[in-house]
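The values are calculated or read from the model by the stated rules, or taken from the named source; none is laboratory data. If you're wondering where the values come from, they're calculated on a predicted model, not measured in any experiment. For neighbour counting, all protein chains shown are included, and Cβ atoms are generated from backbone atoms with ideal geometry for every residue, glycine included. The protein model used for the area step is the full one, side chains on, heavy atoms only, and it has no ligands, DNA or RNA in it. Shrake-Rupley method; radii C 1.70, N 1.55, O 1.52, S 1.80 Å.
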Amino acid sequence: MEYKPLRVIISGGGTGGHIFPAVSIANKLKQLCPQTEILFVGAEGKMEMEKVPAEGYKIVGLPIAGMQRRLSLKNLMNNLSVPFRVLESVAHARRIVKDFKPDVVVGVGGYASAPLLWAATGMKIPALIQEQNGFAGLTNKILGSRVQSICVAYEGMERFFPAEKIVMSGNPIREILSQPATPEMRAEAMEFFGLSPEKKHLFVVGGSLGSGTLNHAMEHWIQDGCQDGEGVEVIWQCGKYYKKEVDNFMQAHSHVQGIKHFDFIGRMDLAYAAADVVISRSGASTVSELCAMGKATVFVPSPNVAEDHQTHNAMALVRKKAAMLVKDSEALDDLLPTALGLLHSPERMEQLSKNAEAMALRNAAQIICDEIYKLV
């Protein structure tokens, strides 16, 4: 295939699970043809407005907001404003498309992708969406009938989209997380985090924003005296939102050894490399990274996401004996004992690791970019 220069708008965001795949697609497009011009479109005030420029790409924000499910006066006022913001965002999106003149638009899910792709498809611009989850999000379900191609990461997505438009691509992930760790990486990880190579290692990660459930399970385990924790060291990413609470907790339990806590970890490759077992939420990008790196994982799907898609993501692995699952409601008492039981069962760890790696789709960004070029 000839990779000629293109003008591409990539739209979406809201969480790292949308942003990292979007950036991976952009990076691959630039790798295939450095003259390609890319514009990101996000939602004002969301994390993509900070993360995308940090990756070297220009981004424009739309005044879009989503419906809030929890009842409060503030959320009620927000929800009343949503239809007006949608109309304003679609009008703004039309101006962006008219000014940038893209050859193709790509939606990765999240608030901003709906008005941008709605406007672009109405202007007869070829469009592709990438659905990261095993249960399609509302935005992508709405857009499915308007776009030409739908790249997915899980089987059975004909439930949500026209079968003839579906392309099995997998989720684009960061290059640095696309292969199992080498012994050299593991040695670097031990030094980077100040860990002992002789001990077993658990990595607890609640996603880019952190997880109250995982943090409370850790605190509960520490307060109980870290039973069965002998010979185990923990890397704990608690999230920026929970940093103060966890800092205070760990200060009050400063006698506890072998637990390294961080609000954010920049070197996720080394955190995964150090881990024998991972405890994690089951956002789509995280699941794809854990498969690519072949990690034995205990998933705790977040109940606070639309259509419970994290449970669908996790169950795709659990059904193939490639991961374990603990319900959010049972995590306080069951999570750490389950993870430690796995940590002390080398055969089970090896089985989960091998089966997870067998499910990895490592050339997702290339497949998606080829689809983009086919549309053009």
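(1) over 17 Å from S280 (Cα atoms); (2) surrounded by fewer than 18 Cβ atoms within 10 Å (Cβ to Cβ): which one isn't true of F161, the others all being true? It fails just one condition, (2).
Restricting attention to the range 119-138, and to residues there that are small (G, A, S) and in a helix (DSSP H, G or I), which single residue is farthest from the chain's Cα centre (by Cα)? Result: G122.
Residues of the range 198-210 that are more than 20 Å from the chain's Cα centre (by Cα), within 18 Å of V278 (Cβ to Cβ) and open to solvent by 40 Å² or more (accessible area, probe 1.4 Å): K199, K200.
Only residues that are more than 20 Å from T15 (Cα to Cα), open to solvent by 50 Å² or more (accessible area, probe 1.4 Å) and among the charged types (D, E, K, R) were counted in the range 221-246, giving 5.
Taken together, the residues in the range 139-158 that are open to solvent by 40 Å² or more (accessible area, probe 1.4 Å) and either under 21 Å from the mean Cα position of the chain (by Cα) or of a type in the set (A, V, I, L, M, F, W, C) (or both) amount to 3.
Across the range 323-338, a minimum of one residue is classified as over 24 Å from E198 (Cβ atoms), in contact with a Leu (Cβ under 6 Å, 6 or more places away or on another chain) and not in a helix (DSSP H, G or I).
Conditions tested, residue by residue: (1) touching a Phe, Trp or Tyr at 6+ places or on another chain (Cβ under 6 Å); (2) under 23 Å from M268 (Cα atoms); (3) among the polar types (S, T, N, Q).
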| position | (1), (2), (3) |
| --- | --- |
| V305 | no, no, no |
| H309 | yes, no, no |
| R319 | no, no, no |
| L325 | yes, yes, no |
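Report yes if some residue within the range 352-368 is within 27 Å of N215 (Cα to Cα), more than 18 Å from the chain's Cα centre (by Cα), part of a helix (DSSP H, G or I) and at pLDDT 95 or above; otherwise report no. Checked against the condition, which is being within 27 Å of N215 (Cα to Cα), more than 18 Å from the chain's Cα centre (by Cα), part of a helix (DSSP H, G or I) and at pLDDT 95 or above, the range 352-368 yields at least one hit.
Looking only at residues in the range 293-311 that are out of contact with any Leu (no Cβ under 9 Å at 6 or more places or on another chain) and among the polar types (S, T, N, Q), the one that is nearest to N133 (Cα to Cα) is Q310.
Look at (1) open to solvent by 30 Å² or more (accessible area, probe 1.4 Å); (2) under 30 Å from R146 (Cβ atoms); (3) of a type in the set (G, A, S) and you find that S345 fails only one, number (2). Taking each residue of the range 277-299 that is in contact (Cβ under 8 Å) with a residue 24 or more places away in the chain and within 17 Å of S169 (Cα to Cα) and looking for partners that are part of a helix (DSSP H, G or I) and among the β-branched types (V, I, T) with beta-carbon atoms closer than 9 Å, six or more apart or interchain, yields S285/I19. Could you look through the range 271-316, keep only residues that are of a type in the set (D, E, K, R) and crowded, with 24+ Cβ neighbours inside 10 Å, and pick out the one that is farthest from the chain's Cα centre (by Cα)? Of everything passing the filter in the range 271-316, K295 is farthest from the chain's Cα centre (by Cα). Filtered by the rule that a residue be over 16 Å from the mean Cα position of the chain (by Cα) and either in a helix (DSSP H, G or I) or on the phi > 0 side of the Ramachandran plot (or both), the range 249-270 gives F249, M250, Q251, A252, G258, L270.
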